[in-house]
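The values are calculated or read from the model by the stated rules, or taken from the named source; none is laboratory data. Everything numeric in this text was worked out from a predicted model, so none of it was measured. Here the Cβ positions follow ideal geometry from the backbone for every residue, glycine too, while neighbour counts run over all protein chains shown. Note: areas computed on protein heavy atoms with side chains; ligands, DNA, RNA excluded. Shrake-Rupley method; radii C 1.70, N 1.55, O 1.52, S 1.80 Å.
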Amino acid sequence: MNSGKQILSLIHRFIEFVARGLFTLAAYIGGPAESQPPIKDLTLLHNATTLAFKIRNKQVYSPLSSEEVVRSYINRIKEIQPVLNCVVEERFEEALKEAKICDEMLKSPNAPSVQVLAKEKPFLGVPFTTKDCIAVANMKQTAGLILRKDYVSKKDAEVIRLMRAAGAIPLASTNVSELAMWWEAHNRLYGTTRNPYNTRHIVGGSSGGEGCIQAAAGSPLGIGSDIGGSIRMPCFFNGIFGHKPSKGIVSNDGQYPSAHSDDQNQLLAIGPMCRHAQDMRPVLKVLADKNAEILNLDDKVDISKIQFYYMEDDGGQYFVSPVDQEIKCAMRKVVLHFEKAYKIKATKIHVRKFKKSIALWLANMTSKDNKDFSYELSNRNGNINILWEFIKWLMFLSNHTLIALLTATFERFGIKHGSEQYTKLIQESKDLYQEFKDILGEDGIFLYPTHPTAAPLHHEPLIKAFNFSYTAIINVIGGLNQDRLTLAVAEEIEKGFGGWVPPLILA
Ligand SMILES: CCCCCCCC/C=C\CCCCCCCC(N)=O
C-alpha cells in the first residue's frame, strides 16, 4: 500500500516538475508581467489605526478628513483595478457621502470627545473592503457563482454591522474563488485576480481579491473568511498580515456559502487582513464584539514568556510539494530573531499526524446530508449534473470552473460521513487537537509554514491541489483562544523584519 503511494507520489512530483516548466513557458508566451502605478499618495502608507487617529483628532500634525482618505483609496483602486482585477463591485458614491457626514459630525460642537470616539468608534471615517462572500447591504454577494450574479444582500453580515458601528465605511467588495472553495481567486463571473508583485502569479484564495487589494494599497483594511486557509494563503502570497480567529469568537452570520452544520461552522471563521500587523488586534476587537473578553486582547503580552514550538514541514505528506528552502530559511530567521531578542529557545517538534493533514481536514468537512459541493454549485437548488458540466466545460459552455467540477467529483467519491474511515479520521483529529492543546498550554505558539511554496503561477494549483493542507490542518487543531499571543508575535515580526513591502514597478 505504502510503496504504491510512494510510486504515485514520485509520479506526481515528476508531473509537477514538467507542468511547472509548461506553465512558466505559457506565462512568458502570454506576454510580460504588467506593472501598476507607483504609490504616490502618502495617505495610502498610513496604517488604519493612524488614519482613524488623524481623522478624529484635528489637533495633531497633518490631520486628515475622512473624505480625503476615502478619495485617496478610490483613486488608488481606479489605478490598480485594470491591472490586478481585484474589485468586483464598488460603492464609491455612497462611501463619499458617508465620509462627508462623518467629517460634518466631527466639526459639530456636539461631537463626542476624541477619547470617547477612540473607544466607541475606533475606525471612524476609515474605509475598508471585504470579500464577495460577506454580505454588505445593497451590494451583490455572488461568491463567484454565475447563478448568483444578480443576488443583492438586503442586510449587512454581522461583521460588517460591527465595522460600521465602529465608524468604518465599506468601499468595495473583492474577488474570490468559485464558492470560496479553491485557493486561486478565479471564477467564471469576474475572471482571475493577479498578484501585485508579479501579475503572472496567483493571489491565493478564496479571499484572494482582498489579499491583492491590501498588498497594492487599494484599501487600508480587509475582512476575509477562512475554512481551509482562505485568509492565510492570500495573506502569505501577497505579503500582508492576516488572522484566522479562534473558533466561535467572531460571528459567521451573513457569510455565503454558510456552513451546513455546527461542526462546519466551527471550522469557518471571519477575520482581519491588513497591510500592518498593528491593525489586526483593534480590528479583531471590533469583530469579536462581546467575545473579545474571552481573548483578553488588551492584556499586555510579555514575548519573553512565550514558549515557541515549530515544525519546518509536514513530515512528507504524499501529493504535497516539499517546503521550499527559502521558506525554511525565513522560518529559521524568525526563530533566530526571537532567540536573539528575547533569549527564547524554540523547540522543534514532530507531530506524526500532520502527514495525514488532508484526510483529516476532508473528514471534518463532510456533510451529513446530500448537501455536497454539487448541491452548492446549483446555488442550493438540486444538484448539478457533474458529467454534463464537464462536457459543457470542454466546449467552453459551462458556468463553472474546472476545479469546481473536479472538487465536486472528488467529494462524490471521497470520504463518506459516518463511514468507518470517517469515524477513524474524526477520532484522529480529536487526538491531534488534544496533543496540540497539551503542547501549547496557555503560553505556547506554533510556527509552521503557511504554504510549502511562494505564490504559484496562474492555474498551477491544479497540479499542486493539496498544498493547501498546510493551512487546512491548523483548522482542525486550532482554537485555543490565545489569539493575543500570535498577534503579538506578528507585531514583533513586523518590527524585526520591516513588514509590508510596496509592490515593485517592473521595468
Ligand atoms: C487533478 C486535480 C485534482 C483536484 C482535486 C481537488 C479536490 C480538492 C478538495 C478540496 C479543495 C478545497 C480547497 C480549499 C481552499 C480554501 C478553502 C477556504 N474557503 O478556506
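Within the stretch 321-347, residues that are farther than 26 Å from PRO461 by Cβ sit with their Cβ atoms under 8 Å from residues that are hydroxyl-bearing (Ser, Thr, Tyr), at 6+ positions apart or across chains, in these pairs: VAL335/TYR310; TYR342/SER304; LYS343/SER304; ILE344/SER304; ALA346/TYR309; ALA346/TYR310; THR347/TYR309; THR347/TYR310. For the stretch 179-199, taking the residues that are within 16 Å of the ligand (Cβ to nearest atom) and open to solvent by less than 10 Å² (accessible area, probe 1.4 Å), the one that is farthest from PRO503 (Cα to Cα) is identified as LEU179. What number goes with the only condition from (1) modelled with pLDDT under 95; (2) in a helix (DSSP H, G or I); (3) not hydrophobic (A, V, I, L, M, F, W, C) that GLU389 does not pass? So GLU389 meets the others, but not (1). For beta carbons closer than 8 Å, sequence separation of 6+ or different chains, a first residue in the stretch 392-406 that is under 16 Å from LEU145 (Cβ atoms) and among the small types (Gly, Ala, Ser) and a second that is assigned to a loop (DSSP other than H, G, I, E, B) and more than 16 Å from the ligand (Cβ to nearest atom), the qualifying pairs are SER398/ARG188.
On the given criteria, is VAL176 away from the ligand (no atom under 16 Å from the Cβ) and of a type in the set (A, V, I, L, M)?
So VAL176 fails the test.
Among the listed residues ILE327, ILE303, ILE344, identify the single one that is touching a Pro at 6+ places or on another chain (Cβ under 8 Å) and aliphatic (A, V, I, L, M). Sole residue among the options that is touching a Pro at 6+ places or on another chain (Cβ under 8 Å) and aliphatic (A, V, I, L, M): ILE327.
Of the helices (runs of 4 or more DSSP H) lying entirely inside the stretch 179-270, the ones with 1 or more residues being closer than 20 Å to ASN379 by Cβ are found at 262-267. Please specify each residue of the stretch 73-101 satisfying the condition of being surrounded by 21 or more Cβ atoms within 10 Å (Cβ to Cβ) and part of a helix (DSSP H, G or I). Within the stretch 73-101, TYR73, ARG76, ILE77, ILE80, LEU84, ALA95, GLU98, ALA99 meet the criteria. Which of the residues belonging to the stretch 200-247 are more than 12 Å from the ligand (Cβ to nearest atom), out of contact with any Gly (no Cβ under 6 Å at 6 or more places or on another chain) and open to solvent by 10 Å² or more (accessible area, probe 1.4 Å)? Once the filter is applied, which keeps residues that are more than 12 Å from the ligand (Cβ to nearest atom), out of contact with any Gly (no Cβ under 6 Å at 6 or more places or on another chain) and open to solvent by 10 Å² or more (accessible area, probe 1.4 Å), the stretch 200-247 yields ARG200, HIS201, PHE236, GLY239, ILE240, PHE241. The criterion of at least 1 residues that are within 16 Å of the ligand (Cβ to nearest atom) and not small (Gly, Ala, Ser) is met, among helices (runs of 4 or more DSSP H) falling completely within the stretch 413-507, by 420-440, 469-477.
Scanning the stretch 107-136 for residues that are surrounded by fewer than 17 Cβ atoms within 10 Å (Cβ to Cβ) and assigned to a loop (DSSP other than H, G, I, E, B) yields a total of 6.
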